[in-house]
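To start, the structure under review is shown below, and the notes come after it.
The values are calculated or read from the model by the stated rules, or taken from the named source; none is laboratory data. Keep in mind that this is a model prediction, so the values were computed, not measured. Every residue, glycine as well, gets a Cβ built from its backbone with ideal geometry; the counts of neighbours run over all protein chains shown.
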Number of protein chains: 2
Amino acid sequence: MKNYIIDLNFYNIMSKDLTLNLKENNVPISIGENLVFSLDFLNFCKTLGNRFVIITDQNVEKLYGEKLNLFFQNQHMDSFIISIPAGDSFKTRETKALIEDQMLQKKINKSALIIALGGGMVLDMAAFVASTYYRGIPLVMVPTSLLAMVDASIGGKTAVNTKEGKNLIGSYYHPKKIFIDLQFLKTLPKEEYRNGFSEIIKYGIIYDKDLFSSLYEKTQGHDLEEIIYKCCLIKKTIVERDEKENNIRAILNFGHTLGHSLENLESYKISHGEAISLGMIFASFLSVKMKILKREDFFKIFSMFKKYHFPLVFSQNISAKDIFDKLLSDKKAKLNRNFVLIEKIGSIKEDIYLQEVDEKILKKALFWLCNRFSSKAELWK
Amino acid sequence: MKNYIIDLNFYNIMSKDLTLNLKENNVPISIGENLVFSLDFLNFCKTLGNRFVIITDQNVEKLYGEKLNLFFQNQHMDSFIISIPAGDSFKTRETKALIEDQMLQKKINKSALIIALGGGMVLDMAAFVASTYYRGIPLVMVPTSLLAMVDASIGGKTAVNTKEGKNLIGSYYHPKKIFIDLQFLKTLPKEEYRNGFSEIIKYGIIYDKDLFSSLYEKTQGHDLEEIIYKCCLIKKTIVERDEKENNIRAILNFGHTLGHSLENLESYKISHGEAISLGMIFASFLSVKMKILKREDFFKIFSMFKKYHFPLVFSQNISAKDIFDKLLSDKKAKLNRNFVLIEKIGSIKEDIYLQEVDEKILKKALFWLCNRFSSKAELWK
């Protein structure tokens, strides 16, 4: 038994640490290998609750969920798993209610801790549950996908989807800590890696030209720990700035307006990474048409996504008008910041990116988009 | 037209004003007559949103909802009503989703304002919707019942019920302003008045012996504006103290532990006022049994509820064991503060009210409760 404990501690070698410093919350972030399944992890969780609820999806459950549950139980903790079907199409109010019902039936109350173990969908869902269960119970986040490590885990946004669109119902709620453990990447499918890189490339485009260049020059053999650290640092910085600078956080939505519309129109059968890669190309195209971005930068962005083998294609059934109508559903916003525009790779000028996109330009751009990408993948052979 | 405007302004004469001062929020509270349907009200709402969603129930809709909607529309505002069935049994996640769907279909977004018009159920529901719609949109509260004026409107608690219990899913979310308009009391049914007085009496018991005495001496012809003002002041004070003193807010739950259990066991067919009047008598009884409260104070509290004609009866089908089991479902809380106990009328000593109630005493007290109140009302003829 004692050996086992020493063994566990031995796992936890080094980590890169950050803290998201907000007015109301300080959220520590640890990035490293073999952080979870350690006594440090267990002891931290114990300070937050006397019962553990592991929320995960059915894929991650098999890979790591059951193992984590067993690990806790071996350490004499009262823990159990709630597993939901994988995929964004299950990120709904109905799934949230099912999770809550399971917790209520097990008489889980304020003294419990939720451990969110999974990709962005699981983190969004588990955090939303945590934020409204008994009006808020503690939460620890353990992202298992590259995408979730660099995006969903940081910033406190929680949400579910509805028929009308993505993430329209949700809350702001921060975890007590985020454990970004690279061991989970070992089992990550290739497409999921690519999904992660869509957001990593985004950080390069909107905030860090050096990151962009290094990704552009070398598409393989990255130091993932270093890249994840950089992305977390960028997201942390933007989320912190957002408390002082009104809505600066919106720049994180670069590529997401069109991306969300496509995801919704495709009933979430297109992956987030594929959708926002198209969205980023589209926003860059708009930036050129609005005479903000140089054409050469647009082409560089375009070829970046080709380098990383993004399919850059969506269903032929979706017309320019379909997309326009879907975009319109967000048109009455106080600020028409539907499209985040860029002026050059690595930076966004705040007074520029918020300007309204002319309807004619938008329509023309949508026709271009559909002609170019709404077809079979042979275009990119 | 101009006359009409002057007329409207004329209505709005005087109000008593308070502000709930919290770290993150300052919530102004106006108490007076004819505050709503005024240009001041309209102009205030206009500062918060360009579309108004009036959330109300089907009873209040007929009395005031349609009138308010018409008032806004006459002033060229884009407003509409969402009306839900009245009664706590509809305070569910399903009703919340139906409201959200209506708003989504009307393409309501962050630039809209929700106006909650109704009793506690409507306020809790509308505030919960506001807190998670687009991760939070502005909210104005207009309580129409005496109970909601002195309780639900202040403090930022939002919630829905589930099969397992009351208010287990919810959030903390404050309105931009609370308009307590006494004109709505003119149409309030007698039983609803009594419901309001259950909470008013509670404030007397837990925080203000003078309020208790004045209510005890004179059961009719109250200066309601003054009483509401006092209750709001007490609730504001406790909610503000709660930010510094850990969980002092729990004293507001005096009578509510048993009350909630009864409401749940009765499937919300017993009114909140009736349930918590029994709950307060029970908590006072426990306080005597725990040797904290004098017997004479208990009898005074008991007779107070008789003076105000509370029925003090619940269904014969509910046994002491049923209630005990229901109470147990909250037993794993970090602090066993299920029962708020009092040491004398008008004050609660913090180190005392949090102490654990012995299981034997609790069981005995439940038998007493059932013998005394779980029967036909003839006991109180």
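Can you tell me which condition residue B:220 does not meet? The list is (1) farther than 30 Å from residue A:169 by Cβ; (2) of a type in the set (S, T, N, Q); (3) at pLDDT 95 or above, and all the others hold.
Failed condition: (3).
In region A:343-355, what residues are crowded, with 21+ Cβ neighbours inside 10 Å and modelled with pLDDT of 90 or more?
The one that is crowded, with 21+ Cβ neighbours inside 10 Å and modelled with pLDDT of 90 or more: A:345.
Among the residues of region A:36-62, how many are crowded, with 18+ Cβ neighbours inside 10 Å and either closer than 17 Å to residue A:119 by Cβ or touching a Pro at 6+ places or on another chain (Cβ under 8 Å) (or both)?
10
For region B:225-269, which positions are in contact (Cβ under 8 Å) with a residue 60 or more places away in the chain and hydroxyl-bearing (Ser, Thr, Tyr)?
Listed by number, the residues that qualify are B:229, B:257, B:261, B:267, B:268.
Which is more than 14 Å from chain B (Cβ to nearest Cβ), touching a residue at least 24 places away in the same chain (Cβ under 8 Å) and over 22 Å from residue A:271 (Cα atoms), of A:82, A:137, A:99, A:108?
Unique residue meeting the criteria: A:82.
Sort out which residues of region A:171-210 are surrounded by fewer than 24 Cβ atoms within 10 Å (Cβ to Cβ) and among the small types (Gly, Ala, Ser), and write them in order of number.
Matches in region A:171-210: A:171 only.
Under 7 Å by Cβ, and 6 or more places apart or on different chains, what pairs join a residue from region B:51-73 that is within 14 Å of chain A (Cβ to nearest Cβ) with one that is of a type outside the set (Gly, Ala, Ser) and in a helix (DSSP H, G or I)?
What qualifies is B:52/B:45; B:52/B:72; B:53/B:103.
So, in region A:97-128, how many residues would count as being among the polar types (S, T, N, Q) and either assigned to a helix (DSSP H, G or I) or in contact with a His (Cβ under 7 Å, 6 or more places away or on another chain) (or both)?
2
From the list A:166, A:157, which residue is within 9 Å of another protein chain (Cβ to nearest Cβ) and either in contact with a helix residue (DSSP H, G or I) (Cβ under 9 Å, 6 or more places away or on another chain) or buried (at least 23 other Cβ atoms within 10 Å of the Cβ) (or both)?
None of the other options fit; the residue is A:157.
How many of the residues in region B:285-320 are in contact with a Lys or Arg (Cβ under 9 Å, 6 or more places away or on another chain), under 22 Å from residue B:214 (Cβ atoms) and assigned to a helix (DSSP H, G or I)?
1
If residue A:213 satisfies all but one of (1) outside any helix (DSSP H, G or I); (2) away from chain B (no Cβ under 14 Å); (3) among the polar types (S, T, N, Q), what's the number of the condition it fails?
(1)
With (1) at pLDDT 95 or above; (2) within 20 Å of the chain's Cα centre (by Cα); (3) under 23 Å from residue A:154 (Cβ atoms) as the list, and residue A:87 as the residue in question, which single condition is left unmet?
For residue A:87, the exception is condition (1).
So, of the residues in region B:85-96 that are part of a loop (DSSP other than H, G, I, E, B) and without any contact (Cβ under 8 Å) to a residue 40 or more places away in the chain, which turns out to be farthest from the other protein chains (Cβ to nearest Cβ)?
B:86
Go through (1) under 24 Å from residue B:97 (Cα atoms); (2) in contact with a Lys or Arg (Cβ under 8 Å, 6 or more places away or on another chain); (3) in contact (Cβ under 8 Å) with a residue 60 or more places away in the chain for residue A:122 and report which single condition fails.
The number of the failed condition is (2).
Any idea how many residues of region A:134-156 are assigned to a strand (DSSP E or B) and farther than 17 Å from residue A:187 by Cα?
Counting residues in region A:134-156 that are assigned to a strand (DSSP E or B) and farther than 17 Å from residue A:187 by Cα gives 3.
Could you please tell me which pairs satisfy a Cβ distance under 7 Å, a separation of 6+ or placement on different chains, a first residue in region B:147-168 that is within 12 Å of residue B:125 (Cα to Cα), and a second residue that is of a type in the set (A, V, I, L, M, F, W, C) and in a helix (DSSP H, G or I)?
Matching pairs, first to second residue: B:152/B:123; B:153/B:123; B:158/B:127; B:158/B:128; B:159/B:128; B:160/B:125; B:160/B:128.
Name the residue, out of B:164, B:192, that is under 15 Å from the mean Cα position of the chain (by Cα), outside the structural domain of residue B:261 (by TED's automatic domain parsing) and not aliphatic (A, V, I, L, M).
Criteria check complete, one pass: B:192.
Could you run through region A:281-327 and say how many residues are over 23 Å from residue A:222 (Cβ atoms) and of a type in the set (Lys, Arg)?
Selection size over region A:281-327: 6.
Any idea which residue in region A:157-189 is farthest from residue A:21 (Cα to Cα), counting only those that are of a type in the set (A, V, I, L, M, F, W, C) and not in a strand (DSSP E or B)?
Looking at the filtered set, the residue picked out is A:188.
Only one of B:317, B:264, B:253 is outside the structural domain of residue B:22 (by TED's automatic domain parsing) and either over 21 Å from the mean Cα position of the chain (by Cα) or surrounded by fewer than 17 Cβ atoms within 10 Å (Cβ to Cβ) (or both); which?
The unique qualifying residue is B:317.
Within region A:113-152, how many residues turn out to be in contact with an Asp or Glu (Cβ under 7 Å, 6 or more places away or on another chain) and buried (at least 24 other Cβ atoms within 10 Å of the Cβ)?
Going through region A:113-152 one residue at a time, the tally reaches 12.
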